Amino acid sequence: MNAHTPLAFTASPTASPTASPVVPVDRTTILGAADTAAGRIAPLWPLKTFVAVNPFFGLADQRFDEAAVTLGLAAGAKTTMPRGFYLDALSRGRITDADVTAALAEASVPGLPGDRDGLLATAREWRGETPDPLPTMADLATEATGTDWAAFAVEKISAYAAEYFDEGQAPWAAPAKEDGLYAGWRAVALVDRSPEVAGLAGFRKAIAGLPESAEEMLIEGATRLELEPAALPMAFHRLLMSIGGWAAYARQKVWDDGLYGRENGTLLELLALRLAWDVAVFECLKSDPAFAAARIRSRQPDPDFEAFSASLAIDCVLQTAFDRAAQRELLDRFAGPADSASPPDEARRKTVQAAFCIDVRSEVYRRALEGQSSEIETIGFAGFFGFPIEYVPLGQDRGGAQCPVLLTPQFTVHETVRWAADAEKHGILDLRMARRRAAKAWKAFKLAAVSSFAFVETLGLTYLAKLVTDGLGISRPVPHPSVDGIDRTVQARLMPDIAAGESDGRATGLDDKTRTDMAEAVLTAMSMTGRTNGGFAKVVLLAGHGSTTVNNPHASGLDCGACGGHTGEANARVAAAILNDPAVRTRLVERGIEIPADTLFLAALHDTTTDEVRIYDKEAVPETHKVDLDRLEGWLRAAGAQARAERAALLHLEADRPVDPQILARSKDWAQVRPEWGLAGCSAFIAAPRQRTAGVDLGGRSFLHSYDWAMDGEFKTLELIMTAPMVVASWISLQYYGSTVDNRVFGSGNKVLHNVVGTLGVLEGNGGDLRTGLPMQSLHDGENWVHEPLRLSVVIEAPIEAMNAIIAKHRIVRDLVDNGWLYLFAMDDKGQIAARYSGDLTWESLSDAPLAEAA
């Protein structure tokens, strides 16, 4: 990797602001570098749809060890744990000498010690250094004056960004928001005296001399600071990472518009804003001798850079050894005799098939449910069940995107009321709208500048009883997610309207052909289309998932990522309604898929906080299935109790009290910082027939996707798995990984100190940058790490040549597997992990058993 030096940020000590640059940089080069830097930023979704994001997303085209250097320079970030973490694992025998030897052989970094003993000897000389990022002008000003101008700049930018991006929390909108991010900031900065009061004399004059447009500011700033052409991408990347949280949020705006083919310059405007701060600081302090001396020092080649790079390379080798240690444990779980269970189409027909999201939390519940009866089979599939919809709740004009953020909703489905005449529907709608208007007016009254004082004085005591019951967990500080300002009896009758129609000029629902196409696609992806005899159970449960917590800004992060950070019942209900449609089933027969007439699809929601499962639309269940429904609900209750008992070990519950009440209480305890552990511990993704993993205790750490390659003639389902669920799982895994190895840069700090800003994100404390990633309480129990920093191990039972073809076809997949962001393994037809992907479409055999061959 080419070394970047601090020359990226310094202007010539004797150069005047209007002097020609030493190295001329053309406009195209500067703007291209800005685009490159913007592409290195991972997006951050707002709190209402807080989905997991790979914080290294923009660096996937670099090797893991190369990205470690890049992020060290751009953000002072660590991409591995402190050296002592790995040395301790070595001393405990968790990492073996063989793991280190294999990891060293796998490394492709020049200059590493030649053998294991040499590497470990060098590793033990580590003194605990952390990387320093390249200095910006604000950093140099801090060094020269003793005033933390870097933190001051972040504080001012963050305050402006919070006003600009606010999504409804602030009573008043930002005054210059309509002008755009950069132009609005410039207008505010021209009248803001606080930098001058703090000591930056002439700040407003410097701002007045800056261009009025963001694009021209990028050109002017790079020219004034004499940024070298080769260093421009790193220089701009460093500036963005200095306000990494807001940069990530701006990147999400760009991402979202990009999905719909729209241009969005928000992130480039933010870069121009941050560059303008550096130019202004330079203008204010250029005559200060200490500042000039700091700039001269920063222009000298860094004598420690090679040592810095070598130290990071050693850490990456140790991380790989730690990954290999965990992989040995995974391989051992599948090293025993193959499961002799018959494939589903040859087995006796099951009473229940229950399809759950591939989420690692489902693995625990699926094991528990299958343990209740041999009449139950479970299936793993993406939690949006293949239906990328926008689901519009009753009384609203727009809904949320119920699909992975890699996709856009293809259909709009409105909520309606079952068995209601038009007059009743209008009455229910009017009631809901009235309640919402009243709630909005009441909130405005409580928060208004004048009435807020009178409100507290006159009505404060009336809230005492509610405070007491909320504090004791008797009531909920916020309504249950399943209730939205509507009578509970009506709530039970709400359902998706899948009929094709139109609303406000937009097509809604799905027509007959589309329903059939979607049904075929879903059943194919679930490896159910080739089944006969016992292939479809009498009851097929489609269980989405969500969570129920209170006083938790990141609550949506515990919901279904495949549903765009929403709960998954809407997708499950749409899927069930379509698969129960007699017309759809008739057309499916014409396509070679026959669903038995007595098979009933039911939608449900798995609450991952309480391990309770709610079945929807029970009122529509025919009498022929009432007994089956009763048995299913009994099995679900028993499985929930078993799953809660298994999870209890990590929740530090009181030993002398029953488990269930304690876990159920956590969902409405507003002081609970760990209502559940989410996906902490996630480390593996397995795509194979369920009989390969049935009965194997994977500890709630594995994403499980049902897949039978023998039913996938052209490997379209395999391609879908490797380009969507596998990628999403890697995002989740790497979010947890990044938040663990460097919570300062990639995480969100201490949950207790969080303050919600603009309803879109959190600050830690009352200022600073917007925080990304996960809080420490989602990773650490106060004494030990609950999540281990491991890169995802993906195990797929499929022919190697089929996987290679997909890797070669899709750059996003090849970057992940070739650059060390995840590990890929092949499972053989005996259920053992037989080969490891070693890069460049080559594989290393781990077993003497033959690998699956494509037909």
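The values are calculated or read from the model by the stated rules, or taken from the named source; none is laboratory data. Please read these numbers as outputs of a predicted model, since none were measured by experiment. Counting neighbours? That spans all protein chains shown, and the Cβs are built from the backbone with ideal geometry, glycine included. SASA here: full protein model, heavy atoms, side chains in, ligands and nucleic acids out. Shrake-Rupley method; radii C 1.70, N 1.55, O 1.52, S 1.80 Å.
Restricting attention to the range 484-505, the residues being at pLDDT below 60 and either farther than 19 Å from LEU431 by Cβ or loosely packed, with under 15 Cβ neighbours inside 10 Å (or both) number 3. Residues that are part of a helix (DSSP H, G or I), under 30 Å from GLY114 (Cβ atoms) and among the charged types (D, E, K, R): does the range 282-304 have at least one? Within the range 282-304 (the criterion being part of a helix (DSSP H, G or I), under 30 Å from GLY114 (Cβ atoms) and among the charged types (D, E, K, R)), the answer is no, since none of the residues qualifies.
Filtered by the rule that a residue be crowded, with 18+ Cβ neighbours inside 10 Å and within 14 Å of PRO229 (Cβ to Cβ), the range 26-52 gives ILE30, ALA33, ALA34, ALA37.
For first residues located in the range 209-233 and among the polar types (S, T, N, Q), partners that are open to solvent by 20 Å² or more (accessible area, probe 1.4 Å) and part of a loop (DSSP other than H, G, I, E, B) and lie 6+ apart or on another chain with Cβ distances below 6 Å form the pairs THR223/PRO21.
Restricting attention to the range 616-633 and to residues that are without any contact (Cβ under 8 Å) to a residue 40 or more places away in the chain and open to solvent by less than 70 Å² (accessible area, probe 1.4 Å), the residue that is nearest to GLY371 (Cα to Cα) turns out to be GLU633.
Evaluate the following for GLY738: is it surrounded by fewer than 24 Cβ atoms within 10 Å (Cβ to Cβ) and touching a residue at least 24 places away in the same chain (Cβ under 8 Å)? Criteria not met by GLY738. Note on the range 265-289: residues that are open to solvent by less than 40 Å² (accessible area, probe 1.4 Å) and either of a type outside the set (Asp, Glu) or touching a Cys at 6+ places or on another chain (Cβ under 9 Å) (or both) total 17.
If I filter the range 135-143 for residues that are touching a Gly at 6+ places or on another chain (Cβ under 8 Å), among the aliphatic types (A, V, I, L, M), under 24 Å from PRO233 (Cβ atoms) and in contact (Cβ under 8 Å) with a residue 24 or more places away in the chain, do I get at least one hit? No, the range 135-143 contains no residue that is touching a Gly at 6+ places or on another chain (Cβ under 8 Å), among the aliphatic types (A, V, I, L, M), under 24 Å from PRO233 (Cβ atoms) and in contact (Cβ under 8 Å) with a residue 24 or more places away in the chain. Taking VAL613 as the residue in question, decide whether it is surrounded by 15 or more Cβ atoms within 10 Å (Cβ to Cβ) and within 30 Å of LEU523 (Cα to Cα). So VAL613 passes the test. Here the range 663-685 is the region considered, the condition is being assigned to a helix (DSSP H, G or I) and open to solvent by 20 Å² or more (accessible area, probe 1.4 Å), and the residue that is farthest from SER362 (Cα to Cα) is ALA665.
Conditions tested, residue by residue: (1) under 30 Å from LEU87 (Cα atoms); (2) outside any helix (DSSP H, G or I); (3) open to solvent by less than 30 Å² (accessible area, probe 1.4 Å); (4) touching a helix residue (DSSP H, G or I) at 6+ places or on another chain (Cβ under 9 Å).
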{"position": "GLU125", "(1), (2), (3), (4)": "yes, yes, no, no"}
{"position": "ASP132", "(1), (2), (3), (4)": "yes, yes, no, yes"}
{"position": "GLU155", "(1), (2), (3), (4)": "no, no, no, no"}
{"position": "TYR160", "(1), (2), (3), (4)": "no, no, yes, yes"}
{"position": "TYR182", "(1), (2), (3), (4)": "no, no, yes, yes"}
{"position": "ALA206", "(1), (2), (3), (4)": "no, no, yes, yes"}
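With respect to the conditions (1) surrounded by fewer than 22 Cβ atoms within 10 Å (Cβ to Cβ); (2) within 19 Å of the chain's Cα centre (by Cα); (3) farther than 25 Å from ASP256 by Cα; (4) not acidic (Asp, Glu), VAL522 falls short on a single one, namely (2). Exactly one residue out of ARG701, ARG674, ARG666 is of a type in the set (Lys, Arg) and at pLDDT 95 or above: that is ARG701. When the test is whether a residue is open to solvent by 10 Å² or more (accessible area, probe 1.4 Å) and more than 24 Å from the chain's Cα centre (by Cα), ASP581 passes it.
Being open to solvent by 30 Å² or more (accessible area, probe 1.4 Å), touching a helix residue (DSSP H, G or I) at 6+ places or on another chain (Cβ under 8 Å) and not hydrophobic (A, V, I, L, M, F, W, C) is the filter here; which residues of the range 700-715 pass it? Across the range 700-715, the qualifying residue is only ARG701. Figure legend. Inter-residue proximity from the range 92-105: first residues part of a loop (DSSP other than H, G, I, E, B), second residues among the aromatic types (Phe, Trp, Tyr), beta-carbon distance below 9 Å, spacing 6+ or different chains. Indicated pairs: ARG94/PHE322; ILE95/TYR86; ILE95/PHE322.
Check off (1) surrounded by fewer than 21 Cβ atoms within 10 Å (Cβ to Cβ); (2) modelled with pLDDT of 95 or more; (3) in contact with a Leu (Cβ under 6 Å, 6 or more places away or on another chain) for VAL352 and give me the number that stays unchecked. Here VAL352 meets the rest and fails (1). Return yes when VAL109 is closer than 28 Å to SER311 by Cβ and among the β-branched types (Val, Ile, Thr) and no when it is not. Yes; evaluated as a whole, the condition is true for this residue.
Yes/no per residue for (1) closer than 29 Å to THR29 by Cα; (2) under 26 Å from the mean Cα position of the chain (by Cα):
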| site | (1), (2) |
| --- | --- |
| GLU178 | no, no |
| GLY199 | no, no |
| GLY221 | yes, no |
| ALA250 | yes, yes |
| ASN264 | yes, yes |
| GLU269 | yes, yes |
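Checking ILE806, ILE812, ILE800 one by one, the residue that is among the β-branched types (Val, Ile, Thr), open to solvent by 30 Å² or more (accessible area, probe 1.4 Å) and in contact (Cβ under 8 Å) with a residue 24 or more places away in the chain is ILE812 and no other.
Among residues of the range 700-717 that are farther than 21 Å from LEU792 by Cβ, those with a Cβ under 7 angstrom from a residue that is among the polar types (S, T, N, Q), sequence gap 6+ or separate chain, pair up as ASP708/SER527; MET711/SER527; MET711/THR529. Residue under question is SER340, and the condition is that it be open to solvent by less than 20 Å² (accessible area, probe 1.4 Å), of a type in the set (Ser, Thr, Tyr) and either modelled with pLDDT under 70 or closer than 23 Å to HIS787 by Cα (or both); does it hold? Answer is no for this residue.
Just one of the listed residues (ASP323, ASP302, ASP315) is surrounded by 16 or more Cβ atoms within 10 Å (Cβ to Cβ), within 28 Å of ALA144 (Cβ to Cβ) and of a type in the set (Asp, Glu), namely ASP302.
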